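The values are calculated or read from the model by the stated rules, or taken from the named source; none is laboratory data. Keep in mind the model is a prediction, meaning the values are calculated, not measured. Counting neighbours? That spans all protein chains shown, and the Cβs are built from the backbone with ideal geometry, glycine included.
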Amino acid sequence: MHCGGVDMFWIRGGGTIFETLAKYTNWPVLNWWAGQLEHKYWEGFNFEDLIFPMFLFIAGVSLPFSINNRLKLGHTRKQIYLHAFTRLIIFIVLGFLLANGGIPNFDFGNYRYTHVLMRIGIGWFFAAGWSLILLSIFYLIIDVWKLKKWSFFFVVIGSNSIFIYSCQSGVLDFRRMSGFFFKGLINYPSDTSAQAVIASIAYLLVSRLFLYFMYKRKIFVKVKSIWFPYYFQYS
């Protein structure tokens, strides 16, 4: 939850906050970090190139625990393989829809079938090391030192990471919502760079509050079956 939450934080608005702060303040350290939030073409890699591969690595790390839990529940290996294959199909379909904004027409020759997969394949090796470092740090701080309260912010995000990532395609327009609630505050400064900083913070705040609402009511969106891609676990 913690690593996934940190990773999703950068995907879901954290990077935009730092980019707008860099433009507003022009501080060298923020300008350097803003440069890290852009993809390299091919030579080398930046922090931005590690975010999505790290997300995949974290998903891989959690796989043995998921399989072990299903075996304890009495599932056969055939059922587990079928479940894994079903999830694979769902994610392929979901990725296709997100990459193309649904199916606006039947011109399949011009659809995007892959977009960042080659970079992910190469970047995974670097992301694996970065992820192991993060996992070790979180284990030390949270499980050994018992310092847990600070991580709650990321736990809330990580608990519904697939749902909030899917919202990037416009399923829920958090940017419009934040504009509705914070329009006056966003437009208060005359400096457009300051407006961008406030808008990015408002965007993250609104999406985080929505996730907090789901978390408090124990609503977690998960992939369940090929016929019903999402289900709401509610208690």
Wholly enclosed helices (runs of 4 or more DSSP H) of region 155-222 bearing at least 3 residues more than 21 Å from Gly101 (Cα to Cα) and among the aliphatic types (A, V, I, L, M) = 192-216
Residues (surrounded by 12 or more Cβ atoms within 10 Å (Cβ to Cβ) and either at pLDDT 70 or above or not in a helix (DSSP H, G or I) (or both)) located in region 90-109 = Ile90, Val93, Leu94, Phe96, Leu97, Leu98, Ala99, Asn100
Just give me the residues in region 20-54 being buried (at least 20 other Cβ atoms within 10 Å of the Cβ), touching a residue at least 40 places away in the same chain (Cβ under 8 Å) and farther than 24 Å from Phe163 by Cα, in sequence order.
-> Thr20, Leu21
Say we look at region 158-171 and pick out the residues that are more than 14 Å from Gly13 (Cα to Cα), at pLDDT 80 or above and not small (Gly, Ala, Ser); which of these is surrounded by the most Cβ atoms within 10 Å (Cβ to Cβ)?
-> Asn160
Check on Leu172, closer than 17 Å to Phe18 by Cα, hydrophobic (A, V, I, L, M, F, W, C) and within 16 Å of the chain's Cα centre (by Cα) = no
Candidate set from region 175-189 (those that are aliphatic (A, V, I, L, M) and surrounded by fewer than 17 Cβ atoms within 10 Å (Cβ to Cβ)); member that is nearest to the chain's Cα centre (by Cα) | Met177
Could you list, in sequence order, the residues of region 36-84 that are modelled with pLDDT of 75 or more, over 23 Å from Gly15 (Cβ atoms) and of a type outside the set (D, E, K, R)?
-> Asn69, Leu71, Leu73, Gly74, His75, Thr76, Gln79, Ile80, Tyr81, Leu82, His83
Quick check, is Phe220 in contact with a Cys (Cβ under 8 Å, 6 or more places away or on another chain), of a type outside the set (A, V, I, L, M) and either at pLDDT 90 or above or surrounded by 14 or more Cβ atoms within 10 Å (Cβ to Cβ) (or both)?
-> no
